[in-house]
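**Student:** Pasting a structure here, questions to come.
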Amino acid sequence: MKQIVIVEDDLILALLLEKQVQRMGFHVAAKVNSGEESVQKIREHNPDLVLMDIKLVGRMDGVEAIIQVRSFTDVPVLYITGNSDENTRKRAYATNPVAYMVKPVDMALLMKTIREILES
């Protein structure tokens with residue numbers, strides 16, 4: 001079963017993502033709200049996909065977390081963020097994500113994108 005790590009500091013959105021992913025038949029290996037914890041959980045679970053917010057709890061944002069993650073895995077990353085400014089976008093794209101979606105996301109499009117990534 002394909003595993004996903006959800007990194008999101010908005011509890012309601014994190015729960016919604018978890019339920020949607022489970023309905024699709026995928027396993028949520030971990031759900032965390034900080035960059036520091038995300039690096040640890042990605043290393044621990046070696047997921048098939050990471051759903052990553054950029055603004056997180058703690059000192060490390062989602063882009064910084066993925067920069068650290070890239071030192072040990074090339075796991076596909078799908079950014080889901082409220083940050084759409086050019087600087088943030090450039091930083092995120094430098095980590096080679098599979099997608100970058102700006103909140104509020106179209107849930108149907110997000111689920112379609114997740115399915116395409118995991119079933120390709």
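**Student:** Would you please give the FRET efficiency between SER71 and MET107, computed as 1/(1 + (r/R0)^6) with r the Cβ-Cβ distance and R0 = 35 Å, to the nearest 0.05?
**Tutor:** Numbers: r = 32 Å, r/R0 = 0.92.
Calculated value: 0.60.
**Student:** Could you tell me which of the pairs LYS31/LYS103; LYS31/LYS55; LYS2/LYS112; LYS2/LYS41 are separated by over 20 angstrom between their Cα atoms in the structure shown?
**Tutor:** Distance filter (> 20 Å) returns an empty set.
**Student:** Another one. Beta carbons within 10 angstrom, averaged per residue: use that to sort the peptides 61-68, 95-102, highest first.
**Tutor:** 61-68, 95-102
**Student:** Let me ask you something else. Test of understanding: what is the full-extension gain from VAL98 to ARG43, defined as 0.36 nm times their sequence separation minus their Cα-Cα distance? Before the final figure, lay out each step's value.
**Tutor:** On the way: separation 55, 0.36 × 55 = 19.80 nm, distance 1.89 nm.
Gain on stretching VAL98 to ARG43: 17.9 nm.
**Student:** Could you point to the label whose value was computed as Cα extents along the principal axes in Å for the structure here, given (i) 51, 27, 27; (ii) 33, 30, 28; (iii) 47, 42, 32?
**Tutor:** After the calculation, the listed value that fits is (ii).
**Student:** Please build a GNM for the chain, connecting alpha carbons under 10 Å apart, and tell me which residue among LYS55, LYS19, LYS31 fluctuates the most.
**Tutor:** LYS19
**Student:** Go through 85-94, 37-46 and give me the packing order, highest mean Cβ count within 10 Å leading.
**Tutor:** Those peptides, ordered most packed to least, come out 37-46, 85-94.
Every read-out reported here was derived from the displayed coordinates using simple, explicitly stated rules and does not represent laboratory data. Quick caveat, the model's predicted, so the values are computed rather than measured. Backbone-built Cβ (ideal geometry, glycine too); neighbour counts: all protein chains shown.
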